[in-house]
Every structure is written in structure tokens, then in C-alpha cells.
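Here the structure is laid out as C-alpha cells; the discussion comes afterwards.
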Amino acid sequence: MVFMAETETEQLLETIGILRTHCAWTRALTHQSLRTYLVEEAYEVIDAIGAGNPQELRDELGDLLLQIVLHAQIASEAGQFGFDDVANGLRQKMLRRNRHIFDEHGQLRGDITQDVATIIETWDAAKAEEQRGRRPRAGLPAGLPALTLSQKLLSRQARAGRPVAPEHQGGGALAAAVNDEQQLAAALMGLTARASELGLDAEAVLRDALTARYAQPGDDTSSPETPGKR
């Protein structure tokens, strides 16, 4: 087949557009029906990273990219946005959030700091400005595993100077017992084993606790999709 596009990325977009036009199965895909595939492909990428195989990682990144291209194509057909809009939006976000590298005009700074603390502070300040007025859980997907959700939420609370329940802080006896990865893993496994002994679902218990303590009106705490592959 002769493609009109020149670059590999443009040819990919052209290919997906052709499939959406001529393939009944691809044409029937929607944002909603693709949700499970997106989650599965993201976990496949994680597995490939763990395997340390560059070829496998390249292939899985391609599968994840396919999901992004499909969503952008579906939106483009609806007259909402296209792949270029997604790419440009990301580029603009990177310019805004990396003011230690780019000035307000998007030009490379002459005095680029190498201080990691300053870099993080600059990023957080830009992100906070973008999200001014949003709820604490805004931007945190409800479908995240409860452990990941709790770590991100508590980190966000701390950065914003919001109060964290005393029992959700890591000091005291917990700080004395857990000081490295091995001790943390042992503590988490021990808690999981205890949950099983009590007949409790550790995932559900943690999610319910987060919702009860930190959710605000309007937060979506449901999890409509369960990842098919972990």
C-alpha cells in the first residue's frame, strides 16, 4: 500500500483512519468499549519493564500507543479533537510545568538549575496553578488500586498542607518498625495476611477508608472497571 503520509507516526495515523473506515470491528470501537483494553495494555507495559526485554517493551509501548491513537481518532470523527491536539496539549503542559528549563515564551533558559528540590517545587507550583480550586481527589482515577490511590492522595495532602488523619501518618511505632523495602514488604504482607484471617477484603477496606476520610461531594469513588491483567 502507498501511504500519503511521510513519517512513521503519520502513516500510523493514516492506517488507523483506514481501519476505522473499512473494518467493521474497528469502526464499532468506542471510548467506553476501549477502557478495558487500555488498562490491560498499561499493565502489559509494566510487565515488559519488569522483564527487562527491550524488544518486548517496544512492542508493548506500541500496543499502548494504539489505544491512544484510537481514542484520538474516535474523538476526531466526532469533531472534538485529534491526535495533533493531544500532542500539542502535552507539549504545552510540559512547557508550563518545566519553567526551570523554559521561560514564559517557551524558549530555553540560559540559567538552568540542577537542584532537584527546585525542579520539583517549580513543577508542583505550575501544577497547583492549573488545578486551582479543584478537589483534593481531582485528577486521581477512581479505578486506581487502593494502595496506589492512598499513596498519591496522602502525598497530595502533604504537599498542599492539608491535614492528614493521625492514624494515617507514618510516625511512631510504624517508623521504628519500617525503614527499608524489605521491612515495608513484610509489613504489607503481614497486614494482608491478617485481613485474610479476619475475612476482610484488604483492597475494599483501604478504599472505603480513603472515601470516608478524604472524599468530598462530587468525588467519583467508584471503580467501574477491574483490570483484567495485573
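Of the candidates Val69, Val39, Val164, which one comes out as most mobile in a Gaussian network treatment of the chain with C-alpha springs shorter than 10 Å?
Val164
Long-range amide H contacts for Phe102: which residues qualify at under 5 Å (H placed 1.01 Å from N, peptide plane, sequence gap of 5 or more or a different chain)?
Amide H to amide H, under 5 Å and 5 or more residues apart or across chains, Phe102 pairs with Arg109.
If you average the alpha carbon positions of the range 1-50 and of the range 167-209, how far apart do those two centres end up, in angstrom?
When both Cα centres are located, 40 Å separates them.
Mind giving me the FRET efficiency for Asp208 and Ile49? R0 is 41 Å, r the Cβ-Cβ distance, nearest 0.05 is fine.
So the FRET efficiency works out to roughly 0.85.
Counting just the Cα atoms, what span does the chain cover along each of its three principal axes? Round to the nearest Å and put the largest first.
The Cα atoms of the chain stretch 67, 51, 41 Å along the principal axes, largest first.
Once you have the Cα-Cα distance between Gln80 and His31, take 0.36 nm times their residue separation minus that, and quote the gain in nm to one decimal.
Answer, rounded to one decimal: 16.4 nm.
Between Glu130 and Ala158, what is the FRET efficiency for a Förster distance of 22 Å, r being their Cβ-Cβ separation, to the nearest 0.05?
0.70
Applying 1/(1 + (r/R0)^6) with R0 = 41 Å to the Cβ-Cβ distance of Thr192 and Ile112, what FRET efficiency is obtained, to the nearest 0.05?
0.40
Once you compute Rg and the Kirkwood Rh from C-alpha atoms, what is the Rg to Rh ratio for the range 61-168?
So for the range 61-168, dividing Rg by the Kirkwood Rh gives 1.04.
Rounded, prolate or oblate: which one fits the range 146-214, using the alpha carbon gyration tensor with axes a ≥ b ≥ c (rounded when a/c is under 1.5, else prolate when a/b beats b/c, else oblate)?
Oblate.
Readers should treat all values here as calculations from the given coordinates under stated rules, not as data from a laboratory. What you are looking at is a predicted structure, and each value in this text was computed from that prediction instead of being measured. As a convention, Cβ positions derive from the backbone with ideal geometry for all residues, glycine included, and neighbour counts pool all protein chains shown.
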